[in-house]
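The values are calculated or read from the model by the stated rules, or taken from the named source; none is laboratory data. These figures come from a predicted structure and were not determined experimentally. We place every Cβ from the backbone using ideal geometry, glycine too, and count neighbours over all the protein chains shown. What goes into the accessible areas is simple: the full protein's heavy atoms, side chains included, and nothing from ligands, DNA or RNA. Shrake-Rupley method; radii C 1.70, N 1.55, O 1.52, S 1.80 Å.
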Amino acid sequence: MSAKIIDGKAMAQQLRASIAKAVASLSQRHGLVPGLTVLLAGNNPASEVYVAAKSKAVSDAGMRAFDHRLPAEITQADMLAMISRLNADKNVHAILVQLPLPAQIDANAIFAAVDPAKDVDGFTPLNAGRLAMGMRGLVPCTPLACVRLAKSVHSSLAGMAALVVGRSNIVGKPLAQLLLAENATVTIAHSKTKDLPATCRRADLLFAAIGRAEMIRGDWIKPGATVIDVGINRVPGNGKTRLVGDVAFAEASEIAGAITPVPGGVGPMTIAYVLLNTLRAACVSAGLPEPQI
Ligand code: NDP
């Protein structure tokens with residue numbers, strides 16, 4: 001193995017420690033305790049695990065966690081009414097709607113109903129538009145995590161050839177916007193891209209957000225490239241399941257210059273950014289300067 005392993009877990013611990021300090025100071029000086037509400041509809045086992053991890057991280061950072069478990073059969077109207085109540089609740093500074101939502105719920109309509117000032121995931125049309133226009137707003141957590149991980153290897157991404165594989169509204173598109181803001185030369189690939197292996201081989205920075213286990217092979221990677229693997233895929237292994245990314249890690253580590261592992265890369269940093277966005281939202285709501293963390 002030649003690649004440097006980018007330790008997202010250790011980076012996330014440092015970030016969370018800085019956030020906890022800022023939260024303690026906010027509550028001492030201003031009596032303000034940031035609060036995050038997570039809405040979880042249904043009983044998706046993976047979602048339950050994520051929500052429990054997020055709530056623990058919120059409490060560990062000294063913030064308030066208000067979780068709402070909603071029945072799988074909840075109606076669109078009831079979910080919108082719940083969001084409307086949370087928008088009006090002064091103790092709730094940030095609202096996170098856990099995906100996937102039950103089939104009867106229109107996710108875009110739910111995101112559009114969240115107060116943009118509490119939109120911790122940056123999924124509302126207003127925050128997505130602000131990001132596209134280079135204006136301040138709340139930015140999706142996973143893309144922020146990806147850029148921070150890449151910048152732990154390269155202090156500047158300017159002029160680098162960045163490839164984002166995946167064009168979802170929650171990862172691929174906002175990640176491409178952030179990379180553009182970092183002055184990278186950005187390409188977005190997707191399921192209709194012709195000759196994906198050759199496209200990957202041109203990338204100095206390769207971001208995989210596909211949702212297909214180990215699809216990106218070692219020989220698709222440009223020697224020395226930095227690889228950030230967003231994918232979380234459960235595959236069978238030794239009688240139970242194990243997590244793998246969208247990149248074939250063992251092969252890719254022989255070719256890449258630096259790579260994030262799965263687990264232990266983007267995942268823990270995403271949770272750290274949920275905390276940071278909650279803190280930012282609380283500061284902005286009180287008219288205080290945003291923390292520089
Ligand atoms: P989506 O399913 O919304 O999007 C997947 C994207 O991959 C689509 O744009 C799709 O293209 C593209 N794609 C699918 N198949 C191929 C292919 N054969 N070749 C090229 N592109 C392809 O997924 P998400 O963006 O929500 O998530 C992506 C992955 O990241 C998942 O594994 C998810 O679990 C993980 N994830 C991890 C997070 C973390 O914290 N670590 C947070 C969020 C997600 P098209 O648009 O053409 O269909």
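Scaled against the 2.2 N^0.38 Å expected of a compact globular protein of N residues, the Cα radius of gyration of region 106-242 reads 1.12. Across the options 283, 127, 99, the greatest Cα extent toward the positive end of the charge dipole of the chain (unit charges at beta carbon of Lys, Arg, Asp, Glu) belongs to 283. Taking Cα atoms only, the orientation of helix 141-151 departs from the longest principal axis of the chain by about 40 degrees. The residues 260, 185, 142, sorted by heavy-atom accessible surface at 1.4 Å with ligands and nucleic acids left out, run 185, 142, 260 from largest to smallest.
The value of relative contact order for region 141-266, using C-alpha pairs under 8 Å at least six residues apart, is 23 percent. Partners of residue 90 within straight-line reach, counting lysines whose Cα lies under 24 Å from its Cα and excluding those fewer than 8 residues away in the same chain: 21, 54, 56, 118. Compute the long axis of helix 8-30 from its Cα atoms, compare it with the longest principal axis of the Cα atoms of the chain, and write down the angle in degrees, 0 to 90, nearest 10. Taking Cα atoms only, the helix is inclined about 20 degrees. Ranking 267, 6, 77 by Cα position along the charge dipole of the chain, where only Lys, Arg, Asp and Glu carry charges on their C-beta atoms, puts 6 farthest toward the positive end.
Bridging of residue 194 to lysines at a Cα separation below 22 Å is possible for 173, 222, once same-chain residues fewer than 8 apart are set aside. Dipole of region 31-120 computed with +1 at Lys/Arg Cβ and -1 at Asp/Glu Cβ about the Cα centre; of 52, 38, 62, farthest Cα towards the positive end is 62. Solvent-accessible surface of the chain, averaged per residue with a 1.4 angstrom probe and all protein chains in place: 46 square angstrom. Secondary-structure-derived ellipticity at 222 nm for the chain, considering helices only, amounts to -13000 deg cm²/dmol, per-run term -39500 (n - 2.57) for DSSP H runs with n ≥ 4.
With +1 on the Cβ of every Lys and Arg and -1 on the Cβ of every Asp and Glu, and nothing else charged, how large is the dipole of the chain about its Cα centre, in debye rounded to the nearest 20?
Dipole about the Cα centre, nearest 20: 360 debye.
Charging the Cβ of each Asp and Glu at -1 and of each Lys and Arg at +1, and nothing else, the dipole of region 31-120 about its Cα centre rounds to 260 debye.
Taking every Cα-Cα distance in the chain and sorting them into 5 Å bins starting at zero, the pair-distance distribution P(r) comes out as 1, 6, 12, 16, 18, 16, 14, 10, 5, 2, 0, 0 percent. Rounded to the nearest 10 degrees, the inclination of helix 266-285 to the longest alpha-carbon principal axis of the chain is 40 degrees.
Net charge dipole, region 72-128: roughly 160 debye, given to the nearest 20, about the Cα centre with Cβ charges of +1 for Lys and Arg and -1 for Asp and Glu.
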